[in-house]
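The values are calculated or read from the model by the stated rules, or taken from the named source; none is laboratory data. These numbers were taken from a predicted model, which means no experiment stands behind them. All Cβ positions, even for glycine, are placed from backbone atoms using ideal geometry, and neighbour counts span all protein chains on display. We work out accessible area using only protein heavy atoms, side chains counted, and drop any ligands, DNA or RNA first. Shrake-Rupley method; radii C 1.70, N 1.55, O 1.52, S 1.80 Å.
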Amino acid sequence: MVVVIGGGASGLGVAWDLLLRGIPTTVVEQGDVGGGTSGRFHGLLHSGARYVVVDPVSARHCIAENAILRVIAAAAIKAVPSYFVSVDDDGDRYLSPWLDGMNAAGIGVREVPLGQVISAIPDLNRQARRAFSVPDAVLEGFTLLRLLRDNITQRGGTVLTHSQVTQVHQVGGVVSGVTVSSRGAERLIVCDAVVNAAGPGAGQIVPMFGDQIEMQLSAGMMLVFANRRVGHIVNRLGPPGDGDILVPHGRTAILGTTDIPHGSPQPPVLQRQEAVYLLEQGERLFPGIASWRALRAFSGVRPLFSTDSNEGASVRRRIVTRDFTVLDHGMRGGVKGAFTIIGGKWTTYRLMAERTVDAVCRHLDSWVPSRTAVTPLTEASSQGDPVGAIVCECEGVTLDTLHALNGDMDTWRTRAWFAMGPCQGAICLHRGAAIRQSIVGVQAAMQEFLALRRERWRGVEPVAWGDNAREWALTEALRHQTLAEEGMNGR
Amino acid sequence: MGANTDVIVVGRGPAGLLMATLVVQHSGTVTIVADGQGTLPLWGGQWDFRNYADDGRPLVDPYQWWGDLLGGELAWRTRWSRVATLWHELGVLESPDIPNRNRWILSPLGHLRPTYLAPRWQWCQDQPGQFILIGFPGLADFSVQAMARVYEATSGVGVQAVHLPTPPGWRPHWTAINWAWYLDSRAGQEWLIGEVDRIIDASPTPLAFPQVLGVDGVEALRERLMQHLGRVVGEVALPPPSVGGLRITRRWERWLKHRGVQFVTGHVTGVTRDSAKLANGRQLSGSPVLASGGILGGGLYAEPAGNIRDPILGTIVGSLPQDRIGSVGHRQVRSTVPVIGRMVGGWDPDRHGDGGALTLWTVDEAFDAIWTGLGTTEAAPGVVRSQSLRVK
Ligand SMILES: Cc1cc2nc3c(=O)[nH]c(=O)nc-3n(C[C@H](O)[C@H](O)[C@H](O)COP(=O)(O)OP(=O)(O)OC[C@H]3O[C@@H](n4cnc5c(N)ncnc54)[C@H](O)[C@@H]3O)c2cc1C
Ligand SMILES: Cc1cc2nc3c(=O)[nH]c(=O)nc-3n(C[C@H](O)[C@H](O)[C@H](O)COP(=O)(O)OP(=O)(O)OC[C@H]3O[C@@H](n4cnc5c(N)ncnc54)[C@H](O)[C@@H]3O)c2cc1C
């Protein structure tokens, strides 16, 4: 038995790899699956093109994994045309090292006539100079997490949510079990190894393994725009920077990101100032972007790790490697059978998992090769056409869908996209509360409802301008004047 | 050149319509120019006076709260009777007297909340009592079981919930508006009376319906239901588009048109003391009054950096996040061009429940200003009130 800490891309990836090698596993996740960075990222299946100059190792990993995921996780990958566009001298200067890097990494690149790109993307900067097509794609994080989780449980693995590892036990310096605390209750899981895949929280787990590491966390903000103004992935050609990628996602398009040193695994409070800065960067690719209908902002924390070589250096953060590291704490003088997987990208989660489980196998002394690269993740059940009364109009979510999900309102959000559309819950949250009431009672349903309302507001507030501000003014009127949602408790 | 009227009202929301009403009642001529519908059809039509005290607790006696402010009780009673009289003329039946205190209405979540002046169709009580909630198939905004549970948990009074079956011709996508049109028809009314009679008991317990009892025929249907079932019948206002607001809007605009008010569809880009300029180049002459709404109505625009701009007057009136999105606005009503309704800041209809009073007072002020010539500049009531409260 191997216990995996963390239910993000890395943790579920490791669990799936273990199961395919015949090793029983339990994932322990403190919140919900995808509650960490894997549910708060930009949604790009990297081709590696972004990294060919500054981080060629990462670039090579990305292109290899990109090809694999398109096959094994087809349901979660959306192929859309994807471009690098040079819009200024920065871009032109970068062009030749970039093309050399692309060649060296073996990433297919093709110049596309500008006229063709501009007619496909009318919002693009008319000063654009050259455009290149690359094999980036859209990665639907929540879909892939669902696939992984379904396949893990079908293979007999266990995913414990709302559970935390509080203690690691050892016998003679070797891992023997962990104590898990779930909703106030504690239990012991006996195991032969522990994998720390806690993402940005990994640094807080390591001391339990009798070791220390220094994380180099950074937060990135993204802005969501309604109406999928652009249906293509657009990268600004140049050294990786802020606000230089637009990724279409469902009915939206997402601009990202920023890169700001951050002290905690929890995402920071979103600031309007940062949103405006991001918007200004976005204007270099899309001059009219300030007039697009903004929906909300969100941010995630990069689980980067400073290895000794670049520790303390004043290197520009984006130049810090995006590559990953597997730590075998037994080899570092800590507890044997304890491992940490850290860094990397969503795109490379599978490779990271494979390398990690290779190390676990060496510890267990039973070598079985990884099969994740050749084993497609199967859909548990194909959801038929949605039927029944519509609860969320923006995203067309029906009552039957919500009942079938059998979870709380936040699960509805990540699985069915409930309350994620242009109205951000103005028209549908109270309906959700009524449905939840019959299951969890008045108090708990009201708490869920108010919590989701606050969660939506936190993302809307920093981008409350133009039509999005009007939408929120309507939400405020509805909350207080129509629904009296805070009851008699004042406002 | 375009129309030439005494007054040009920019905006078709409640403030704009009320302004136009005062002018025609004083035999003036009016043009209403607007680029959209305004917010009246987004709410049930109950006019709030002041629902909550500063600490957020519900208020029973709004007159006491207002005290001498903004003219005191006498001025307020005059203002409210103006609305009640107008409603009578529109055929919106109101309780005969202007209430002395706030009464309770039910929200679609099952919460009680205060309000002041409400049409008689509104389900309204003086204190929490018993009633039967009538559920309509497919109306996600009116979940009677959930509402009953919340009402019981918060008021301590138990209520019943019953469900109607689907009528012939019903479709799953029917919203409140579809139901209301259906219940304007003879067939719909017969179906409703028969079915309700069948599913409720014989007690005299009042019935609370969702606000769907017809668009134009609500008074007649409600009267028939009450006679046939021998009990009080009222409606709970639902989220937008709201049938109650739609009823009032239709009747009110018709009433104004019959009195010669011109309705122009257009986007105003600028005003002077005696004209308004439209985006299509057209120019209207007359004294403009801006009733172009707050951020929701489009009269105020939030810029990315947070500034709140009045695009017609070109002024910055506040900024986010320092100001609240629901209470930001101009600090005064009387200026070269008067501003009324939600354009005026310092009031907080969301938090305080004073949207109706905001409309009444600002329209009153602006009317004085343009009818008696431009007067002095006065601070918004938010400023007046907090100063006088501090003195107390
Ligand atoms: C702004 C931003 C944009 C990005 N964009 C992209 C992109 O476009 N493409 C791409 O490929 N990559 C992208 N990435 C990188 C990618 O999202 C991350 O590398 C990846 O999601 C990390 O996954 P993870 O499983 O390691 O961490 P996480 O997803 O954070 O998972 C860790 C989990 O561990 C749990 N946990 C923590 N402590 C405990 C504990 N004590 N007990 C139990 N559970 C615990 C947390 O709740 C969390 O769910 C982006 C990252 C950021 C920040
Ligand atoms: C959901 C909701 C529930 C409410 N509930 C209640 C309640 O229970 N009780 C209560 O008393 N009040 C309620 N209100 C009323 C609210 O509090 C305000 O008092 C009211 O909405 C203000 O209306 P207004 O006339 O100032 O502006 P609006 O109704 O917003 O009208 C603005 C008008 O100006 C036009 N316009 C804007 N800019 C231009 C331009 N440049 N050119 C031309 N036209 C322009 C618009 O098209 C529109 O016609 C509610 C409001 C909402 C939205």
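In region B:229-250, of all residues being open to solvent by less than 20 Å² (accessible area, probe 1.4 Å) and under 18 Å from B:Ala34 (Cβ atoms), the one that is nearest to the chain's Cα centre (by Cα) corresponds to B:Gly245.
The residues in region B:148-187 that are more than 23 Å from A:Gln437 (Cβ to Cβ) and at the interface with chain A (Cβ under 9 Å from one of its Cβ atoms) can be counted, and the count is 1. For region A:53-68, give me each residue that is open to solvent by 10 Å² or more (accessible area, probe 1.4 Å) and either part of a loop (DSSP other than H, G, I, E, B) or aliphatic (A, V, I, L, M) (or both). The answer is A:Val53, A:Val54, A:Asp55, A:Val57, A:Ile63, A:Ala64, A:Ala67, A:Ile68.
Only one entry of B:Gln145, B:Gln127 meets the criterion of being under 30 Å from A:Gln447 (Cβ atoms), open to solvent by 40 Å² or more (accessible area, probe 1.4 Å), in a loop (DSSP other than H, G, I, E, B) and within 14 Å of another protein chain (Cβ to nearest Cβ), and that entry is B:Gln127.
Applying the set (1) more than 29 Å from A:Leu255 (Cα to Cα); (2) at pLDDT below 90 to A:Val442 leaves exactly one unmet item: (2). Just one of the listed residues (B:Leu40, B:Leu17) is among the aliphatic types (A, V, I, L, M), away from ligand 1 (no atom under 16 Å from the Cβ) and more than 13 Å from chain A (Cβ to nearest Cβ), namely B:Leu17. Would you mind stating whether A:Trp457 is free of Cβ contacts under 8 Å to residues at least 40 places away in the same chain and either more than 12 Å from chain B (Cβ to nearest Cβ) or open to solvent by 10 Å² or more (accessible area, probe 1.4 Å) (or both)? Spelling it out, A:Trp457 is indeed free of Cβ contacts under 8 Å to residues at least 40 places away in the same chain and either more than 12 Å from chain B (Cβ to nearest Cβ) or open to solvent by 10 Å² or more (accessible area, probe 1.4 Å) (or both). Criterion applied to B:Arg224, B:Arg198, B:Arg171 was being part of a loop (DSSP other than H, G, I, E, B), more than 26 Å from A:His480 (Cα to Cα) and either among the basic types (Lys, Arg) or modelled with pLDDT of 95 or more (or both), and the one residue passing it is B:Arg171. Answer with yes or no whether A:Gly220 is closer than 30 Å to A:Ser291 by Cα and buried (at least 17 other Cβ atoms within 10 Å of the Cβ). Yes, satisfied.
Among residues that are facing chain B (nearest Cβ under 8 Å), touching a Cys at 6+ places or on another chain (Cβ under 9 Å) and under 19 Å from B:Trp43 (Cβ atoms), A:Leu483 is not included. Step by step: first the residues of region A:241-259, then only those that are farther than 14 Å from A:Arg284 by Cβ and not in a strand (DSSP E or B), then the one that is most open to solvent (accessible area, probe 1.4 Å). Which residue is that? Per the stated criteria, the residue is A:Arg251. Quick check on A:Ala464: is it within 21 Å of the chain's Cα centre (by Cα), open to solvent by less than 30 Å² (accessible area, probe 1.4 Å) and within 14 Å of chain B (Cβ to nearest Cβ)? It is false that A:Ala464 is within 21 Å of the chain's Cα centre (by Cα), open to solvent by less than 30 Å² (accessible area, probe 1.4 Å) and within 14 Å of chain B (Cβ to nearest Cβ).
Each row is one residue, and each column tells you yes or no for (1) in contact (Cβ under 8 Å) with a residue 12 or more places away in the chain; (2) among the aliphatic types (A, V, I, L, M); (3) within 11 Å of ligand 2 (Cβ to nearest atom); (4) in contact with a Cys (Cβ under 6 Å, 6 or more places away or on another chain).
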site	(1), (2), (3), (4)
B:Gly266	yes, no, yes, no
B:Thr269	yes, no, yes, no
B:Ser275	yes, no, no, no
B:Gly281	no, no, no, no
B:Pro288	yes, no, yes, no
B:Gly293	yes, no, yes, no
B:Gly298	yes, no, yes, no
B:Glu303	no, no, no, no
